[in-house]
Amino acid sequence: MNTTKKNTKRSTAGGNTAQDQAPVFRSREERLVAGKSLRDKVPRQSHAGWKPPPARRDPIDVLIDSNKDRMPELVPIRYGRMLRSPFTFLRGSAGLMAYDLSSTPNTGVRVQACGDCHLLNFGLFATPERNLVFDINDFDETLPAPWEWDVKRLAASFAVAGRDNQLPDEEARDAAVACAGAYREKLRDYSKLSPLEVWYDRLDAETLIALAPDAKVKKYREEMAEKARVRIGDHLFPKIATSVGGHPRLIDQPPVLFHVADEDHEERVLEALEAYRLSLPDERRVLFDRYRLADSAVKVVGIGSVGTRCLVLLFFSAENHPLLLQFKEACPSVLEPYAGKSAYKNHGQRVVVGQRLMQSSSDIFLGWCRGRRGYDFFGRQIRDMKLSIPIEEISAKQLKRYAGLCGWTLARAHAKSGDAATISGYLGKSDVFDQAIGDFALAYADQTARDHAALVAAERSGRIEALIEENL
């Protein structure tokens, strides 16, 4: 095979598939040099700091625009959750930050980006082999885009979370620097591996426990792993379902879980399920066909997703074994206006392909469909040992340690789809980039605080309506 042959001409519109971002066949050393040369165009220090452009859009207008196709009765819940703190505001405003990031320096090197890369979109979950791994777990906004955007959003989330936990700015910044430093160092390690070695690499619970710096941390990680292992659909089912007239039924918990009254709702769900079934690999269809739908209901999830259409579907096997699947609406990625349209006509497929490309292992029921009314969805299991790390009252040392794990995980995800050597050549071996990202994270934390204050003012003035949930 002639490995010197260059790639065929690619589209420059930005809507490429992830494989369209593959590098030409050059040696690692050549790509390291090419990455280093990018510093002339985009100095690493240029990533430091953040100043909103003079013509920056009103953040409340951006949020209002993002609600246009959501279920209007649920939008107040979204606002209510965002009002709780600057950190919850950051979680719910991925579109606003994408708008801001599009004006920041980037090298032009693209990867399959998460698009909503904040610290609570990482956590533990089960692989198909029933191993417990730590990885990114939310891909609603995934799209090929500049690698810097994920790093900056993730680092900023640590700075904002640090402040929310009353940590001094110096310690909040340290966490952001640790995140960027781990990303840089691990990406260099991945650049030395073969593509298959990168593809097979994963950060499992056993490794996390083994890497614990002391007995106290080891015990905490063991407890978190054990807690994750019991968070499965079989255990959740009795808490959210009951029997009505001898038939299993999900329990209404308005406004966060409720049934749809439309007469044709069940017919539309069954129709969409057939399309979903066809998106599964043949062997997974055999497994899926062992279950039959018993009930479905709308469920409000997350913060940024509130108002989009999300269904919980309850299935049973012939022997009454329950299966809970979640079908979330897949809207256009918030990165699309700045990175280009997706190559996939169905945004559910965009999410599924991006998730499979970035994760070390993905849910066996991951698939997609389009409903009769034109909405795209992706499906997966609910709570398959999925657990996010609690950050309330987290110490500075714990936050910094967690930042390193997230930076490591993001590096592996980017190395799967992108050119790790070129990015590594740009980042180098010193901490110049890390320190710049620390400055950016604090500056964007200031911006987040201002934008959160604007949301508070908008609610008080009646410009928006918010519903504060007492049981959160």
Considering only residues that are at pLDDT 95 or above and in contact with a strand residue (DSSP E or B) (Cβ under 9 Å, 6 or more places away or on another chain), look in the range 261-270 and name the one that is surrounded by the fewest Cβ atoms within 10 Å (Cβ to Cβ). LEU270
Select the helices (runs of 4 or more DSSP H) contained entirely in the range 144-201, then report the ones holding at least 1 residues which are hydroxyl-bearing (Ser, Thr, Tyr) and crowded, with 24+ Cβ neighbours inside 10 Å. 147-164, 169-191
Answer yes or no: is there a residue in the range 40-51 that is touching a residue at least 12 places away in the same chain (Cβ under 8 Å), in contact with a helix residue (DSSP H, G or I) (Cβ under 9 Å, 6 or more places away or on another chain) and under 30 Å from SER361 (Cα atoms). no
Considering each of ILE240, ILE251 in turn, give the residue that is under 30 Å from LYS299 (Cβ atoms) and in contact (Cβ under 8 Å) with a residue 24 or more places away in the chain. ILE240
With respect to ARG412, determine if the residue is closer than 30 Å to PRO53 by Cα and of a type in the set (Lys, Arg). no
Please verify whether the range 243-260 includes one or more residues that are assigned by TED's automatic domain parsing to the domain that holds GLN326 and crowded, with 18+ Cβ neighbours inside 10 Å. yes
Exactly one of ARG372, ARG350 is within 15 Å of the chain's Cα centre (by Cα) and either in contact (Cβ under 8 Å) with a residue 40 or more places away in the chain or not in a loop (DSSP other than H, G, I, E, B) (or both), and that residue is ARG350
What single numbered condition from (1) touching a strand residue (DSSP E or B) at 6+ places or on another chain (Cβ under 8 Å); (2) in a helix (DSSP H, G or I) fails to hold for GLN112? (2)
Within the range 311-339, the residues that are of a type in the set (A, V, I, L, M, F, W, C), in a loop (DSSP other than H, G, I, E, B) and more than 21 Å from VAL300 (Cβ to Cβ) are ALA318, LEU335
Condition met for ILE437 (buried (at least 19 other Cβ atoms within 10 Å of the Cβ), modelled with pLDDT of 95 or more and β-branched (Val, Ile, Thr)): yes
When both residues are 6+ apart or on different chains and their Cβ atoms are under 6 Å apart, which pairs have a first residue that lies in the range 392-405 and is closer than 17 Å to ILE209 by Cα and in the same structural domain as LYS186 (by TED's automatic domain parsing), and a second that is part of a helix (DSSP H, G or I) and modelled with pLDDT under 95? none
Condition check for GLN381: over 20 Å from the mean Cα position of the chain (by Cα) and of a type outside the set (Gly, Ala, Ser): no
If we keep just the residues of the range 353-369 that are part of a helix (DSSP H, G or I) and not basic (Lys, Arg), which is surrounded by the most Cβ atoms within 10 Å (Cβ to Cβ)? GLY354
For the range 272-294, what are the residues that are in contact (Cβ under 8 Å) with a residue 40 or more places away in the chain and surrounded by 15 or more Cβ atoms within 10 Å (Cβ to Cβ)? ALA272, LEU273, ALA275, TYR276, ARG277, SER279, LEU280, ARG284, PHE288, ALA294
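Matching residues to (1) part of a helix (DSSP H, G or I); (2) buried (at least 20 other Cβ atoms within 10 Å of the Cβ); (3) at pLDDT 95 or above:
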{"site": "LYS6", "(1), (2), (3)": "no, no, no"}
{"site": "ARG10", "(1), (2), (3)": "no, no, no"}
{"site": "ARG57", "(1), (2), (3)": "no, no, yes"}
{"site": "ASP61", "(1), (2), (3)": "yes, no, yes"}
{"site": "LEU90", "(1), (2), (3)": "yes, yes, yes"}
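Conditions tested, residue by residue: (1) at pLDDT 95 or above; (2) under 18 Å from the mean Cα position of the chain (by Cα).
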site	(1), (2)
LEU119	yes, yes
GLU129	no, no
ILE136	yes, yes
ARG153	yes, yes
ALA161	yes, yes
ASP164	yes, no
TYR183	yes, yes
Mind listing just one residue for me: the one in the range 415-472 that is in a loop (DSSP other than H, G, I, E, B) and aliphatic (A, V, I, L, M) and, of those, nearest to the chain's Cα centre (by Cα)? LEU472
For the range 445-465, how many residues are surrounded by fewer than 16 Cβ atoms within 10 Å (Cβ to Cβ) and of a type in the set (Ser, Thr, Tyr)? 1
Among the numbered conditions (1) crowded, with 20+ Cβ neighbours inside 10 Å; (2) under 18 Å from the mean Cα position of the chain (by Cα); (3) at pLDDT 95 or above, tell me where ILE303 comes up short. (3)
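The values are calculated or read from the model by the stated rules, or taken from the named source; none is laboratory data. Treat the numbers as computed from the prediction; the structure is a model and nothing was measured. No Cβ is skipped: glycine too gets one built from the backbone with ideal geometry, and neighbour counts run over all protein chains shown.
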